[in-house]
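Report on the structure given below.
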């Protein structure tokens, strides 16, 4: 049986959990939710909702997480979709495992991302956005493989879920499934224990919601961060998949 392991690298305040629902609804796919989050919280000491609970409930040693991500796909499935936050990939983590998965990227306009992020992280750093890490990983994959790794822009997905997901599946060498376009509301066993703090909207959802433009402006105090984010975003955006 051919097996496909997809590491989808996103930043915060994106449609990453909706994408998790989409892939989790495929009959051939097993999904996991931010498997490096517990390590990230333990190592950085950052105070997120339910921090101690996350560390206690999930594996917090990256040396034990990586063999699971690259080993036998659970439940006899042929596809393993891994939702990752790029900023969870801290510098000390060995990157050799990335060669055993297909790496893809999910991006969002920095203005929309930052104005949403500051509601939960009032003073974010550039690293908190995940964009520098996505950019670095993108360059690494392109240099090693000689191919451009798949990049999805969240707005494109929301504007045309069927078209963009069909295109992504084509690049990944997988058949598209209509099951990716809708799902049942509610929580999943594969959701992280942090779902109760973060996933209210997704738990109510049954499909990708149509794109709605945001009009909020980036505060002046974050202009330097915004401009740095834009450099990384524009590079990735130029390489995005299109229908």
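The values are calculated or read from the model by the stated rules, or taken from the named source; none is laboratory data. Bear in mind the structure is a predicted one, so any value in this text is a computation, not a measurement. No Cβ is skipped: glycine too gets one built from the backbone with ideal geometry, and neighbour counts run over all protein chains shown.
Answer yes if at least one residue in region 91-106 is surrounded by fewer than 16 Cβ atoms within 10 Å (Cβ to Cβ), in contact (Cβ under 8 Å) with a residue 60 or more places away in the chain, more than 19 Å from the chain's Cα centre (by Cα) and under 29 Å from residue 124 (Cα atoms), and no otherwise.
Within region 91-106, none of the residues are surrounded by fewer than 16 Cβ atoms within 10 Å (Cβ to Cβ), in contact (Cβ under 8 Å) with a residue 60 or more places away in the chain, more than 19 Å from the chain's Cα centre (by Cα) and under 29 Å from residue 124 (Cα atoms).
If a residue must be without any contact (Cβ under 8 Å) to a residue 60 or more places away in the chain and surrounded by 13 or more Cβ atoms within 10 Å (Cβ to Cβ), how many such residues does region 196-206 contain?
Qualifying residue count for the region: 1.
Residues to consider are 186, 173; find the one that is under 30 Å from residue 55 (Cβ atoms) and surrounded by fewer than 14 Cβ atoms within 10 Å (Cβ to Cβ).
On inspection, the qualifying residue turns out to be 186.
Take region 15-32 and flag every residue that is in contact with a strand residue (DSSP E or B) (Cβ under 6 Å, 6 or more places away or on another chain) and under 19 Å from residue 131 (Cα atoms).
16
What residue, among those in region 229-243 that are touching a helix residue (DSSP H, G or I) at 6+ places or on another chain (Cβ under 9 Å) and in a helix (DSSP H, G or I), is surrounded by the fewest Cβ atoms within 10 Å (Cβ to Cβ)?
Taking the candidates together, the pick is 231.
If you go through region 144-162 one residue at a time, how many are within 19 Å of the chain's Cα centre (by Cα) and not in a loop (DSSP other than H, G, I, E, B)?
11
Being modelled with pLDDT of 95 or more, in a helix (DSSP H, G or I), surrounded by 17 or more Cβ atoms within 10 Å (Cβ to Cβ) and out of contact with any helix residue (DSSP H, G or I) (no Cβ under 8 Å at 6 or more places or on another chain), is that true of even one residue in region 111-122?
Checking region 111-122: at least one residue is modelled with pLDDT of 95 or more, in a helix (DSSP H, G or I), surrounded by 17 or more Cβ atoms within 10 Å (Cβ to Cβ) and out of contact with any helix residue (DSSP H, G or I) (no Cβ under 8 Å at 6 or more places or on another chain).
Looking at (1) assigned to a helix (DSSP H, G or I); (2) out of contact with any strand residue (DSSP E or B) (no Cβ under 9 Å at 6 or more places or on another chain), which is the one condition that is false for residue 90?
Against the list (1) assigned to a helix (DSSP H, G or I); (2) out of contact with any strand residue (DSSP E or B) (no Cβ under 9 Å at 6 or more places or on another chain), residue 90 comes up short only on (1).
Considering each residue of region 69-84, count those that are outside any helix (DSSP H, G or I) and touching a helix residue (DSSP H, G or I) at 6+ places or on another chain (Cβ under 7 Å), and give that number.
Result for region 69-84: 3.
Run residue 192 past the list (1) farther than 16 Å from residue 16 by Cα; (2) not in a helix (DSSP H, G or I) and report the number of the one that doesn't hold.
(1)
Is it the case that region 41-48 has a residue that's exposed (fewer than 15 other Cβ atoms within 10 Å of the Cβ), free of Cβ contacts under 8 Å to residues at least 12 places away in the same chain and either within 18 Å of the chain's Cα centre (by Cα) or part of a helix (DSSP H, G or I) (or both)?
There is no residue in region 41-48 that is exposed (fewer than 15 other Cβ atoms within 10 Å of the Cβ), free of Cβ contacts under 8 Å to residues at least 12 places away in the same chain and either within 18 Å of the chain's Cα centre (by Cα) or part of a helix (DSSP H, G or I) (or both).
Of the conditions (1) in a strand (DSSP E or B); (2) farther than 20 Å from residue 187 by Cβ, residue 32 fails just one. Which one is it?
Every condition holds for residue 32 apart from (2).
Is it the case, given these coordinates, that residue 158 is surrounded by fewer than 21 Cβ atoms within 10 Å (Cβ to Cβ) and within 24 Å of residue 191 (Cβ to Cβ)?
Judged against the criteria, residue 158 is a match.
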